[in-house]
Amino acid sequence: MNETLPPPLIERTPPAPRRARRARYRLRVATVAVCLTLMCALAGAVAGRIYHGQLLALLVVGAAFAAFAIGFALRNRPAFLAPSASATGLAAYLLGAIVLTSDGADPLGTEIVDALVNAVPRTLTALIPVEPAPDTVVVPVFLSWLAATLACEFAIRYGRTLLGCLPPTLLYAAGLYLVGPNAAPGTLYAVAFCVLAAAALAVTAAPPERRPDRDAQVDGPAPSRTPALIGAVVTTTVLVAAVAVLGPAVARLVTTSPGDPREFVEPPQLTDIDLNPLVRIAEWAKYPDQELFIADTSADAWMRLAVLTEYDGTTWQATGDFRTAGTVIPGAGEADYSADVEIIELGGKLVPAAADPATVTDLPIAVNLYTRCLLTPDGLATGSKFHVDSALVHTDPAAAETARADLSDAATVAVPMGTPEIMATIADYINTEYDTPYAKAQGLADFLGQHYAFDPEAPSGHDLPALGFFLASPVDAGGQRGTSEHFAAAYAVIARLIGLPSRVVVGFDVPEGASTVTAAQGLAWPEIAFDGVGWVRFDPMPAAGAVPVPPEDTLEQMEEETPSPEEASGGGGEAEDFNDEALEQDGDFNDEAGQEDSGLPVWVWYAAAALLLACVPLALKARRALRRRRRLSRGSPAERVAGAWAEVLSEAARAGVKVPGHANAEEAAARLAVLAADIGVLPRLVNAAAFAPGAVAEEDARAAAQVAEAYPRSVRHQVKRWKRFLT
Amino acid sequence: MHDTEQTHPLRVPRSMQQQQVTLGAAQAESFATAFERLGAAIDTVVLGKQEVVRLALTAMFAEGHILLEDVPGTGKTTLARAIAAAVSGQWRRIQFTPDLLPSDVSGVTIFNQASGAFEFHPGPVFANIVIADEINRASPKTQSALLEVMEEGRVTVDGNPHSVPQPFLVVATQNPVEMDGTYRLPEAQLDRFLVKLSVGYPVEAAEIEVLRGTHQRSPEHLPSVVDTDTVAQMAEMAKHVYIAEPLYAYLVQLANATRNHPQTAVGVSPRGLIALTRAASVFALSQGRTYIIPEDVKALAGPVFSHRIQLAPDAAMRGATGAGVVADAFEQVSVPLPASAA
């Protein structure tokens, strides 16, 4: 009798397969854990590209690993334990990170409070590369920890791998936002991130027979995985090929750079003395023995305090905002000059440094990326010490002599209204006497040096009337003599009248070695920009002991020698007009129109994208039609009946009636009854197909197919319009 | 003999008893007809309780035992007696009382002075159908006397085994309301009942009909519809109902769901699973089918599983029931239908 009994219901699972299943489960969980941890670490490290050094990357990677490890270790414990342990771990890790990045200048408590209170604004405003400091590492470490904790909870505790990928993805997006346009595209990061996410999802993916859109399966051998595998490989190949082909073209359509959060931040404000540092020249000239700072330098150099490019007829001011920076100033070359500075009486916020500063230590720094001058937000104080390394700017005089003026920046050639007539006269004189921009620049420096005298007692002022007085007033009236403020300011304005881009620099002449820099070494000088050469310093100051020639003598002589306009037009062809715009548009100038002609018009790409989008509903409809055809026409009668049942359920789901997995055929039919569409004998047939061997005949399969084909028409009016259109 | 096997639709051929053979549709139809005839006969005595009657018959053909639990006067004993009357076999009734002894149930060995030997006098349990009325009024010791015979179909007295006639069916009744002087059935014995049914009050129309013909509808007047041989044949036939492979997994998952349910202290045992399979087989045949479908499982899981589930004390205090646990289990396990999750 026992032989006729059905197989035993409770079969003791052999130990070996159970161990194998357990091993496979552990392998899957371990793979998901590793992938998500690496995703969190990678997403956190994305922000590390704008930080100085590798410290931040190491910190966020460590945070991701530690947070995930805590969550993983407590995955089988009560849910409330994980957040508690994770919060404790986060606090300890943040404390360690703050201690590690602190310079020890303030007590630890102060550092912690300051870091926690100011973390967000300082992280967003710090100039790139950001220095890893307590206040700039707290946010990335916190977010990495949080993302790893949530990823572990979602994916490991609750088994929702896709949801577990969300926190690292958000962290990745936050990292990209923080980086903005300040780093090269991290293609490798993105690819690695996607590969990790795909791996985590792949190892936890349901096998084909458990997927909702699987083919009909009736009692019999397990379905073959080959079609699903082939489909996955083909789909992946098509996707990769599409990305490879369309990606570059789509990328070309994007012409804007990512937004930079730093643009929304209020920059450090300057005081009056820093806004118009040129007024300091008069004071320094009057008290030349005043000790400003002690400098120990590696070479002779001009240390700049301020660079002034904008002139409104009253004051010279700097262009651009100062941004908080770390020890490393972005965009500098390799440092070949160093200086240790100790402040004595130099006030204000502007920091003296040789161009071009590369690193500054022991002093909080903000930098003006336009002029590359430095500022310390708290201001200089007696006793302040810092070290600055610079990449000295070396200009090639020979190249400058033949170079054209660099007119790319309109601010450096802007001339205010109402310039004194003497300035135009001098400009005409220089234009007449000299040909090349460099010759004109040097000629102007020579002219001022030969015709005007240095007078430390000259009253301060560099507005247009003051400069007119300096240039044109008689010597007896106090004119024609001044400080470097007057010389540099007058030179810069006249140079702009000539057509040369100019600016005024305030700084110090600092010799090599240790020395005390006094006010006598402080002066202003003009600089002219040459194309391909950069800014070149000129010295309009008279030589020591030289007797100035009255300028009116030279200028009157020039007027007598100047030819008439007709003569000038006939004989002036020898001199090349270096400011002629026609010369700028030579053969190597690339205009945008030519660039567009080289590729397909933009509308073609838009049309292609629209066509692709339009193809999506068509592809979905075609997929459904093919699936229905396959389900209803292929396989044994039992498989076709099961396919018809699957079609009916899927159509009902489109109409908004979903049948839960625990419903049997009778219950499913009861649920489908709300759609008022007849499914006839299908429930009975599907039970026979699924649970009775050979109980379904060919005519049964045909009857089931008829029901399945008629069903979509019956419920079509109950399917939402967008579903009907899109799927 | 060969011809008899061919012509008798309710007889399982000997060859089928040796191996797993799928039944034919004609045999299933014959089974369904006989089942329905039997049910219709009992329906004439127990009015308005067709579902309970069919479940009781299902248990009988599944070679299981029936526990009827309900308040007094709802027809428990009537149903038991009607089943006994409809089957033309030997039936006995035991009225369980606190002073009932185990030997009163199983029988006793007496020394016969005439023959000078000990003779075994069988107890009332030696019958095809035994009605154990008010079973919870007997002492646990007496209740346990039924354990062996219910499971193994034999009684051991003084070391000598005595087989009871086949088919053997115990129909026990108990009253859940009056608990004074009763002894709750032990779990081991509850597990031996294939189904536990509640007759319940009849609907209004049926109750009026009951009042109209009380005297005419006594089980004593019920003619027998089938004999014990036929019952045995039908029970044998039920063992050859086809069960698809996915249904085995479905059944085990259901049992696991009851075992892992938070309100459960002890879930359904493997014996309970086997009972459900046997009952579902009979139920499928009674519908004229030679194979089990999930609907059969769902129809029988409540009566078969509910009394085998031991609730956790706190869940019992909160009013949870075994039927609720079974319903939850069905919500958790997917039916092995194609694309049922689509």
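The table that follows gives values for the structure above.
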item	result
Chain A: relative contact order in percent, alpha carbon pairs under 8 Å with at least 6 residues between	11 percent
Selection from B:G302, B:F283, B:P336, by position along the positive dipole direction of the range B:277-342 (Cβ)	B:F283
Shielding of B:291-299 by partner chains, average beta-carbon count, 10 Å	5
Inter-chain shielding of A:645-657 (mean C-beta neighbours from other protein chains, 10 Å cut-off)	2
Mean Cβ count within 10 Å, highest first, over the residues of peptides A:619-627, B:135-143	B:135-143, A:619-627
Protection-proxy order for peptides B:100-113, A:480-493, A:643-656, each taking the mean of Cβ atoms within 10 Å per residue, highest first	A:480-493, A:643-656, B:100-113
Mean projection area, nm², convex hull over Cα of the range A:272-390	7.3 nm²
Electrostatic dipole magnitude of the range B:37-227 [Cβ: Lys, Arg +1; Asp, Glu -1; Cα centre; debye, to 20]	320 debye
Share antiparallel - DSSP beta bridges, the range A:397-565, percent rounded to 5	85 percent
Size of electric dipole in the protein assembly as shown: Cβ of Lys, Arg +1 and of Asp, Glu -1, about Cα centre, debye, nearest 20	11460 debye
Computed E for B:E209/B:Q166 - FRET, C-beta separation, R0 41 angstrom, nearest 0.05	0.70
Sites A:L392 and A:R24, calculated FRET efficiency, Cβ-Cβ separation with R0 56 Å, nearest 0.05	0.30
Share antiparallel - DSSP beta bridges, the protein assembly as shown, percent rounded to 5	75 percent
Listed residues B:I83, B:I208, B:I131, most fluctuating in chain B (Gaussian network, C-alpha, under 10 Å)	B:I208
Estimated inter-spin distance, B:N256 and B:A316, nm [label 7 Å along Cα→Cβ]	2.8 nm
Segment A:H717-A:V234, length gained on full extension (0.36 nm per residue, minus Cα span)	170.3 nm
Calculated log₁₀ intensity ratio I(q)/I(0) where the Debye formula runs over C-alpha points of the protein assembly as shown, q = 0.08 Å⁻¹	-0.97
Computed label-point distance, nm, for sites A:A299 and A:A676 using a 7 Å Cα→Cβ extension	9.2 nm
Cβ-based net charge around B:F96, under 9 Å, with every Lys or Arg adding one and every Asp or Glu removing one	-1
Nitroxide proxy distance, nm - points 7 Å out along Cα→Cβ at A:V475 and A:Q450	1.6 nm
Projected-area average for the range A:354-453 over all orientations - Cα convex hull basis, square nanometres	10.1 nm²
Between the range A:275-293 and the range A:408-463, the alpha-carbon center distance in angstrom	23 Å
Semi-axis lengths (Å, descending) of the ellipsoid that matches the C-alpha gyration tensor of chain B	31, 27, 22
Dipole magnitude of the range A:352-500 about its Cα centre (Cβ charges: Lys, Arg +1; Asp, Glu -1), debye to nearest 20	180 debye
Calculated FRET value between A:L170 and A:A87, using beta carbons and R₀ = 25 Å, to 0.05	0.80
Convex hull per residue volume in Å³, alpha carbons only, for the range A:374-530	163 Å³
Charge-dipole axis of the range A:272-390 as Lys and Arg at +1 and Asp and Glu at -1 on Cβ define it, positive-most pick from A:V341, A:G320, A:Q290	A:G320
Where a label projected 7 Å from the Cα of B:A25 along Cα→Cβ would reach, residues of the range B:269-294 with amide N under 12 Å	B:289-290
Bins of 10 Å from zero: percent of alpha-carbon pairs in the range A:390-433	19, 31, 37, 13, 0
Neighbouring partner chain Cβ atoms per residue of B:324-336, average, 10 Å criterion	3
Residue-count net charge about B:S106 - beta-carbon cut-off 11 Å; Lys, Arg +1, Asp, Glu -1	-2
Peptides A:350-358, A:312-320, A:96-104 ordered by average Cβ neighbours within 10 Å, highest first	A:350-358, A:312-320, A:96-104
P(r) of the range A:429-472 over all Cα-Cα pairs, binned every 5 Å from zero, in whole percent	5, 19, 22, 22, 17, 11, 4, 0
Chain lengthening between A:R537 and A:S408 when straightened (0.36 nm per residue, less Cα-Cα)	44.6 nm
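Taken together, the values in this text are just the output of simple stated rules run on the coordinates, not laboratory data. Just so it is clear, the structure is predicted and the values come from calculations on it, not from any experiment. Cβ coordinates were reconstructed from backbone atoms using ideal geometry, including for glycine residues, and neighbour counts include every protein chain displayed.
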